[in-house]
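Take a look at the structure below.
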Amino acid sequence: MNIERQSFIPAIQEKKRVFEKRLKVFPQGFLALADCSDEVVLKNKTALVCGYLCAEKWDSLPEFESFPALSEKEQKSALKRIEKRFALGHNPLLTHKTNGSFLYISSFALLKDYRGKGLGEKFFANSVAALCSAMSEIKKVVILVDSEWQVALKIYEKLGFEKVFELKEFFPTIQKKVNADGIIMTADADSFRNIEFASTENDFGGIKI
(Lines give C-alpha, C1' and ligand atoms only; values in the text may rest on other atoms or scores of the structure.)
Protein backbone atom coordinates (compact mmCIF):
# COMPACT_ATOMS: atom_id res chain seq x y z
CA MET A 1 0.00 0.00 0.00
CA ASN A 2 2.99 2.27 0.55
CA ILE A 3 3.99 1.70 -3.07
CA GLU A 4 0.42 2.42 -4.18
CA ARG A 5 0.34 5.71 -2.28
CA GLN A 6 3.70 6.81 -3.70
CA SER A 7 2.73 5.94 -7.25
CA PHE A 8 -0.80 7.21 -7.83
CA ILE A 9 -2.91 10.23 -6.96
CA PRO A 10 -5.59 9.57 -4.29
CA ALA A 11 -8.40 9.48 -6.84
CA ILE A 12 -6.98 6.36 -8.51
CA GLN A 13 -5.31 4.60 -5.60
CA GLU A 14 -6.85 1.20 -5.07
CA LYS A 15 -7.98 -0.01 -1.67
CA LYS A 16 -6.34 -2.66 0.48
CA ARG A 17 -9.35 -4.94 0.05
CA VAL A 18 -8.86 -4.89 -3.73
CA PHE A 19 -5.30 -6.20 -3.37
CA GLU A 20 -6.47 -8.80 -0.85
CA LYS A 21 -9.03 -10.09 -3.37
CA ARG A 22 -6.39 -10.23 -6.11
CA LEU A 23 -4.07 -12.24 -3.86
CA LYS A 24 -6.89 -14.61 -2.97
CA VAL A 25 -8.20 -15.09 -6.51
CA PHE A 26 -4.90 -15.37 -8.40
CA PRO A 27 -1.84 -15.43 -6.11
CA GLN A 28 0.38 -16.63 -8.97
CA GLY A 29 -0.35 -13.36 -10.74
CA PHE A 30 0.90 -11.17 -7.91
CA LEU A 31 4.67 -10.60 -8.05
CA ALA A 32 6.87 -8.44 -5.83
CA LEU A 33 10.27 -6.88 -6.41
CA ALA A 34 12.43 -6.88 -3.28
CA ASP A 35 15.74 -5.12 -2.67
CA CYS A 36 17.90 -7.68 -0.86
CA SER A 37 21.12 -5.66 -0.82
CA ASP A 38 23.18 -5.85 2.39
CA GLU A 39 22.76 -2.15 3.08
CA VAL A 40 18.98 -2.31 2.85
CA VAL A 41 18.68 -5.52 4.89
CA LEU A 42 20.91 -4.12 7.65
CA LYS A 43 18.89 -0.91 7.78
CA ASN A 44 15.42 -2.47 7.71
CA LYS A 45 16.20 -5.87 9.25
CA THR A 46 14.63 -7.41 6.17
CA ALA A 47 14.49 -7.06 2.40
CA LEU A 48 12.52 -4.06 1.13
CA VAL A 49 9.60 -4.67 -1.19
CA CYS A 50 10.08 -1.87 -3.70
CA GLY A 51 7.74 -2.88 -6.50
CA TYR A 52 4.77 -5.03 -7.39
CA LEU A 53 2.89 -6.31 -10.42
CA CYS A 54 -0.52 -7.92 -10.21
CA ALA A 55 -2.57 -9.56 -12.92
CA GLU A 56 -5.66 -11.60 -13.66
CA LYS A 57 -6.74 -13.85 -16.51
CA TRP A 58 -9.71 -13.16 -18.76
CA ASP A 59 -11.46 -15.61 -21.08
CA SER A 60 -12.20 -12.93 -23.67
CA LEU A 61 -11.57 -9.31 -24.60
CA PRO A 62 -14.25 -6.64 -25.05
CA GLU A 63 -15.47 -5.94 -28.57
CA PHE A 64 -12.60 -3.66 -29.65
CA GLU A 65 -12.43 -4.80 -33.26
CA SER A 66 -16.17 -4.71 -33.95
CA PHE A 67 -16.76 -1.42 -32.13
CA PRO A 68 -16.45 0.92 -35.19
CA ALA A 69 -19.10 -1.09 -37.07
CA LEU A 70 -21.67 -0.87 -34.27
CA SER A 71 -24.58 1.54 -34.34
CA GLU A 72 -24.46 4.58 -32.03
CA LYS A 73 -26.79 2.87 -29.57
CA GLU A 74 -24.75 -0.34 -29.67
CA GLN A 75 -21.53 1.64 -29.18
CA LYS A 76 -22.88 3.27 -26.02
CA SER A 77 -23.81 -0.12 -24.63
CA ALA A 78 -20.47 -1.65 -25.62
CA LEU A 79 -18.57 1.29 -24.11
CA LYS A 80 -20.29 0.74 -20.77
CA ARG A 81 -19.23 -2.91 -20.82
CA ILE A 82 -15.64 -1.99 -21.65
CA GLU A 83 -15.47 0.66 -18.94
CA LYS A 84 -16.91 -1.79 -16.41
CA ARG A 85 -14.33 -4.42 -17.31
CA PHE A 86 -11.43 -1.98 -16.86
CA ALA A 87 -12.91 -0.08 -13.92
CA LEU A 88 -10.44 0.84 -11.17
CA GLY A 89 -10.98 -1.34 -8.13
CA HIS A 90 -13.16 -3.83 -10.01
CA ASN A 91 -13.79 -7.15 -8.30
CA PRO A 92 -11.43 -9.83 -9.71
CA LEU A 93 -13.82 -12.48 -8.43
CA LEU A 94 -16.10 -11.45 -11.29
CA THR A 95 -13.49 -11.04 -14.05
CA HIS A 96 -10.72 -13.58 -13.40
CA LYS A 97 -11.10 -16.91 -15.19
CA THR A 98 -8.77 -19.76 -14.24
CA ASN A 99 -8.42 -21.01 -17.81
CA GLY A 100 -8.42 -17.58 -19.42
CA SER A 101 -6.08 -16.90 -22.33
CA PHE A 102 -5.75 -13.12 -21.85
CA LEU A 103 -3.44 -11.81 -19.12
CA TYR A 104 -4.60 -8.42 -17.85
CA ILE A 105 -1.98 -6.47 -15.88
CA SER A 106 -4.27 -4.78 -13.39
CA SER A 107 -1.56 -2.73 -11.66
CA PHE A 108 2.18 -2.16 -11.63
CA ALA A 109 4.27 0.29 -9.59
CA LEU A 110 7.60 1.02 -7.88
CA LEU A 111 8.67 3.07 -4.88
CA LYS A 112 9.89 6.55 -5.87
CA ASP A 113 13.52 5.84 -4.97
CA TYR A 114 13.64 2.98 -7.47
CA ARG A 115 12.34 4.85 -10.49
CA GLY A 116 14.31 6.44 -13.30
CA LYS A 117 16.93 3.67 -13.38
CA GLY A 118 15.40 1.35 -15.95
CA LEU A 119 14.40 -0.97 -13.15
CA GLY A 120 10.67 -0.67 -13.80
CA GLU A 121 10.95 -1.79 -17.40
CA LYS A 122 13.08 -4.80 -16.46
CA PHE A 123 10.81 -5.81 -13.60
CA PHE A 124 7.70 -5.47 -15.77
CA ALA A 125 9.19 -7.40 -18.69
CA ASN A 126 10.58 -10.17 -16.48
CA SER A 127 7.31 -10.49 -14.53
CA VAL A 128 5.18 -10.77 -17.65
CA ALA A 129 7.70 -13.17 -19.18
CA ALA A 130 7.54 -15.37 -16.09
CA LEU A 131 3.74 -15.46 -16.12
CA CYS A 132 3.48 -16.13 -19.85
CA SER A 133 6.15 -18.84 -19.68
CA ALA A 134 4.44 -20.56 -16.76
CA MET A 135 1.00 -20.47 -18.41
CA SER A 136 1.03 -21.72 -21.98
CA GLU A 137 -2.67 -20.90 -22.43
CA ILE A 138 -2.01 -17.15 -22.40
CA LYS A 139 -2.18 -15.68 -25.89
CA LYS A 140 -2.32 -11.92 -25.27
CA VAL A 141 -1.18 -9.50 -22.58
CA VAL A 142 -3.47 -6.52 -21.91
CA ILE A 143 -2.72 -3.23 -20.14
CA LEU A 144 -4.54 0.06 -19.49
CA VAL A 145 -2.37 3.19 -19.42
CA ASP A 146 -3.12 6.79 -18.50
CA SER A 147 -2.58 8.93 -21.61
CA GLU A 148 -0.57 11.41 -19.53
CA TRP A 149 2.06 8.78 -18.68
CA GLN A 150 4.09 9.37 -21.83
CA VAL A 151 7.26 7.71 -20.51
CA ALA A 152 5.31 4.58 -19.61
CA LEU A 153 3.61 4.53 -23.01
CA LYS A 154 6.98 4.62 -24.77
CA ILE A 155 8.25 1.74 -22.63
CA TYR A 156 5.19 -0.38 -23.40
CA GLU A 157 5.48 0.37 -27.11
CA LYS A 158 9.14 -0.65 -26.92
CA LEU A 159 8.04 -3.96 -25.39
CA GLY A 160 5.68 -4.63 -28.29
CA PHE A 161 2.36 -3.28 -27.02
CA GLU A 162 -0.01 -1.68 -29.51
CA LYS A 163 -3.00 0.56 -28.88
CA VAL A 164 -6.34 -1.19 -29.52
CA PHE A 165 -8.84 1.15 -27.87
CA GLU A 166 -9.16 4.51 -26.11
CA LEU A 167 -11.41 5.30 -23.16
CA LYS A 168 -12.12 9.02 -23.27
CA GLU A 169 -11.63 10.94 -20.01
CA PHE A 170 -11.22 7.75 -18.02
CA PHE A 171 -8.55 8.72 -15.46
CA PRO A 172 -9.01 11.50 -12.87
CA THR A 173 -6.22 14.09 -12.77
CA ILE A 174 -5.04 16.66 -10.23
CA GLN A 175 -4.25 19.73 -12.31
CA LYS A 176 -6.68 19.43 -15.19
CA LYS A 177 -10.45 19.82 -15.08
CA VAL A 178 -10.82 17.22 -17.83
CA ASN A 179 -9.89 13.63 -17.05
CA ALA A 180 -7.09 11.89 -18.96
CA ASP A 181 -7.86 9.24 -21.56
CA GLY A 182 -7.22 5.58 -20.87
CA ILE A 183 -5.16 3.80 -23.52
CA ILE A 184 -5.83 0.05 -23.83
CA MET A 185 -2.89 -1.84 -25.33
CA THR A 186 -2.18 -5.49 -26.13
CA ALA A 187 0.90 -7.55 -26.97
CA ASP A 188 1.49 -11.14 -28.03
CA ALA A 189 2.39 -13.38 -25.11
CA ASP A 190 4.97 -15.21 -27.24
CA SER A 191 7.05 -12.06 -27.52
CA PHE A 192 7.57 -12.20 -23.74
CA ARG A 193 8.31 -15.91 -23.69
CA ASN A 194 11.45 -15.17 -25.70
CA ILE A 195 12.83 -12.75 -23.09
CA GLU A 196 16.07 -13.79 -21.41
CA PHE A 197 15.49 -13.44 -17.69
CA ALA A 198 17.55 -10.90 -15.77
CA SER A 199 19.37 -12.75 -13.02
CA THR A 200 22.28 -10.69 -11.76
CA GLU A 201 22.69 -7.42 -9.88
CA ASN A 202 24.00 -5.79 -13.05
CA ASP A 203 20.80 -6.81 -14.85
CA PHE A 204 18.84 -4.82 -12.27
CA GLY A 205 21.01 -1.73 -12.06
CA GLY A 206 23.19 -3.01 -9.27
CA ILE A 207 20.27 -3.91 -7.02
CA LYS A 208 20.36 -7.34 -5.47
CA ILE A 209 16.91 -8.92 -5.80
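The values are calculated or read from the model by the stated rules, or taken from the named source; none is laboratory data. Just so it is clear, the model here is predicted, and its values are computed rather than measured. No Cβ is skipped: glycine too gets one built from the backbone with ideal geometry, and neighbour counts run over all protein chains shown. The area values use the complete protein model at the heavy-atom level, side chains included, leaving out ligands, DNA and RNA. Shrake-Rupley method; radii C 1.70, N 1.55, O 1.52, S 1.80 Å.
Structure summary
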read-out	value
Per-q log10 I(q)/I(0), the chain, q = 0.09, 0.10, 0.15 Å⁻¹ (Debye; single scatterer per alpha-carbon; no solvent)	-0.36, -0.45, -1.03
Solvent-accessible area per residue, Å², over the chain with all protein chains present [probe radius 1.4 Å]	57 Å²
When each of 57/177; 16/80; 21/122 is checked by Cα-Cα distance, pairs over 32 Å	57/177
Segment residue 74-residue 174, length gained on full extension (0.36 nm per residue, minus Cα span)	32.8 nm
Region 78-176 - percent of accessible surface contributed by carbon and sulfur, probe 1.4 Å	52 percent
Rg over Rh [alpha-carbon atoms, Kirkwood Rh] for region 87-209	0.98
Check: region 62-209 dipole with +1 on Lys, Arg Cβ and -1 on Asp, Glu Cβ, in debye	400 debye
Share of carbon and sulfur in the accessible heavy-atom surface of region 1-75 [1.4 Å probe, %]	54 percent
Furthest towards positive pole of dipole, 52, 28, 92, structure part region 1-117, Cβ charges	92
Overall Cα dimensions of region 125-176, principal axis frame, Å, largest first	42, 19, 17
Radius ratio Rg over Rh of region 1-101, counting only Cα atoms, Kirkwood formula for Rh	1.12
Area accessible to solvent at residue 96, 1.4 Å probe radius, in Å²	20 Å²
Nearest-0.05 FRET efficiency for residue 42 and residue 163, computed from C-beta distance (R0 35 Å)	0.20
